[in-house]
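The block underneath contains the structure these notes are about, expressed in structure tokens.
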């Protein structure tokens, strides 16, 4: 990735479309977005107001795409964009935003501020203003195939363990099956139980599925850092593998941004509609439930609550499915305040967890999640995103809270009926 | 120039010039946005763009509970001055007569004491908005020259209208001329400032709702 200020400015310009122009034209500086953002509410620092994070993109829009701005530019009145300015904004655009989109839900004029910040990242990355941690993860994703540097032999080893533990065969590179399962590196390295759970559920449901040895990584660092070219390369790998195996549906695993990347951004990144469907594992399981193919033998007795991963709920549209599934295994399910599409982010999505510089602030803003949890005092938290899960565990430890975290897929697998 | 000449200029050429700039400016600004276009979405839809967009155009008028609790001052003042401006602008008898002269038809007005009350409430709410803007940590941080200018140019027609109606200070023609000129100033600056949100918020809300609606989320 060769980067320069000039490339950055061109990238900013390419991001301006009618949505961005309508949004910037409508902002009245009311500040309501600040109160929707945990990076403001938990720090009280007004520079972290969501709309302020889009300032680099706003300057480009104003000076290049508006009549007044163009006149101002000719008169030398427009605000400058230089390396120093962009460097100052790095921390706001990357460390202080998880692209959770809560601000986009409250803006009274209707600005999709999270989208504007996502677009701002395109210019920042092209200008060489992306944080080191994310650059590293993105480079590894392109060269090795995974942001954490996980290669196929590592997954192969995990598959072998799972097969030994369960006695089930994990299908690899099988053609003409219903589902192709993607995984996040986090699941492969930290939560192989997820693979085990999916294997059990699909075995009981009698579903055909496979993992591709050529494209198993679901995460997409290109999306987080804001480089669409790279994001497209990563999506294309999955498309090629799914087409080669002629699968009907590609499953996005318990990872939030991976779902956005393949489900919503994927076809737009590669410029072509997919020949297959993309579903989140929660949607797949809920479909199996509806068809009566997901049967539960025992129930959770603990008081459960559900943490909505932003990219799966608010930005992904998978809101009711997890609730249907939890209600199937629990009679003691309680919702946190603001649950569902208005849920508060864990504080580490959108590349924040891959950016070491943001370690302190992501734990600080966890106080919002803590406040939500204190309201319902659950015995266990269920979620469906490995990144949320790792960070929630970190946060709970930081604030001395002893609440176990469960993956919804794994929880269901534990309670499956034998036959 | 006598005060009668000033009033005639304000009611005649002044108003024409201001209206032309306002209409042309608004049209240019909207075209400037729409002509940029946006790419078609190639992902498989989970919901409708049009229905989602239209829904958000309306629903975004009402804040969610948590947002209301966290930003109640901003929201309450905002509601009051917007409603107040609308009522005073379009339901006072002199305004309806004035508009009837231009567009050829009128509608029933609200009684004078009601309009008077709305005017006072609007003035208070606008002042409250200004105090809030200067004291609220986030708003003060975001505030720039344009925010203060548009506040002032919105406040001016309300206060001059109130003063003209009650004939405080100057003679009637002078007061009326000042009031009309203040409205013209607002019309002229309107398309080139954030006041454009009165039109573009429908686009912004529609896009927001359409983007979310496509994914099956009601934003």
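The values are calculated or read from the model by the stated rules, or taken from the named source; none is laboratory data. Nothing here was measured: the structure is a model prediction, and the numbers come from that model. Don't worry about glycine lacking a Cβ; one is built from the backbone with ideal geometry, like all the others, and counts go over all protein chains shown.
Values computed for the structure shown
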| read-out | value |
| --- | --- |
| Every residue from segment A:4-26 that is touching a helix residue (DSSP H, G or I) at 6+ places or on another chain (Cβ under 6 Å) and outside any helix (DSSP H, G or I) | A:16 |
| Any hit, segment A:368-383, residues being in contact with a strand residue (DSSP E or B) (Cβ under 7 Å, 6 or more places away or on another chain) and under 18 Å from residue A:219 (Cβ atoms) | yes |
| Some residue of segment B:199-209 being out of contact with any strand residue (DSSP E or B) (no Cβ under 9 Å at 6 or more places or on another chain), within 11 Å of another protein chain (Cβ to nearest Cβ), free of Cβ contacts under 8 Å to residues at least 40 places away in the same chain and under 19 Å from residue B:126 (Cα atoms) | no |
| Residue within segment A:42-65 that is within 19 Å of residue B:191 (Cα to Cα) and surrounded by fewer than 16 Cβ atoms within 10 Å (Cβ to Cβ) present | yes |
| Qualifying residue in segment A:281-289 (condition: under 22 Å from residue A:99 (Cβ atoms) and touching a strand residue (DSSP E or B) at 6+ places or on another chain (Cβ under 8 Å)) | yes |
| Residue A:62 vs. criteria outside any helix (DSSP H, G or I), more than 17 Å from residue A:114 (Cα to Cα) and in the same structural domain as residue A:103 (by TED's automatic domain parsing) | no |
| Qualifying residue in segment B:71-85 (condition: within 14 Å of chain A (Cβ to nearest Cβ), assigned to a helix (DSSP H, G or I) and more than 30 Å from residue B:135 (Cα to Cα)) | no |
| Test for residue B:62: is it closer than 30 Å to residue A:338 by Cα, outside any helix (DSSP H, G or I) and touching a helix residue (DSSP H, G or I) at 6+ places or on another chain (Cβ under 9 Å) | yes |
| Filter result (surrounded by 16 or more Cβ atoms within 10 Å (Cβ to Cβ) and closer than 18 Å to residue A:70 by Cβ) within segment B:33-47 | B:33, B:36 |
| Given (1) within 11 Å of another protein chain (Cβ to nearest Cβ); (2) crowded, with 21+ Cβ neighbours inside 10 Å; (3) part of a helix (DSSP H, G or I), number of the condition residue B:190 does not satisfy | (1) |
| Selection status of residue A:35, part of a helix (DSSP H, G or I) and more than 9 Å from chain B (Cβ to nearest Cβ) | no |
| Segment B:132-187, subset at pLDDT 95 or above and not in a helix (DSSP H, G or I), residue nearest to residue B:10 (Cα to Cα) | B:144 |
| Set A:413, A:358: member being within 19 Å of residue A:96 (Cβ to Cβ) and outside any strand (DSSP E or B) | A:358 |
| From A:147, A:131, residue being surrounded by 24 or more Cβ atoms within 10 Å (Cβ to Cβ), away from chain B (no Cβ under 14 Å), on the phi < 0 side of the Ramachandran plot and touching a residue at least 12 places away in the same chain (Cβ under 8 Å) | A:147 |
| Segment A:6-32, residues that are free of Cβ contacts under 8 Å to residues at least 24 places away in the same chain and away from chain B (no Cβ under 11 Å) | A:6 |
| Options A:92, A:155; residue that is touching a residue at least 40 places away in the same chain (Cβ under 8 Å), in a helix (DSSP H, G or I) and under 30 Å from residue A:198 (Cβ atoms) | A:155 |
| Any hit, segment A:75-88, residues being in contact with a helix residue (DSSP H, G or I) (Cβ under 7 Å, 6 or more places away or on another chain), in contact (Cβ under 8 Å) with a residue 24 or more places away in the chain and within 12 Å of chain B (Cβ to nearest Cβ) | no |
| Hits in segment B:41-59 - residues which are at the interface with chain A (Cβ under 9 Å from one of its Cβ atoms) and free of Cβ contacts under 8 Å to residues at least 24 places away in the same chain | B:42, B:44 |
| Test: residue in segment A:340-356 that is more than 14 Å from the chain's Cα centre (by Cα), farther than 29 Å from residue B:43 by Cβ, surrounded by fewer than 24 Cβ atoms within 10 Å (Cβ to Cβ) and touching a residue at least 60 places away in the same chain (Cβ under 8 Å) | yes |
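Yes or no, residue by residue, for (1) away from chain A (no Cβ under 14 Å); (2) touching a helix residue (DSSP H, G or I) at 6+ places or on another chain (Cβ under 7 Å):
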position	(1), (2)
B:124	yes, no
B:129	no, yes
B:144	no, no
B:149	no, no
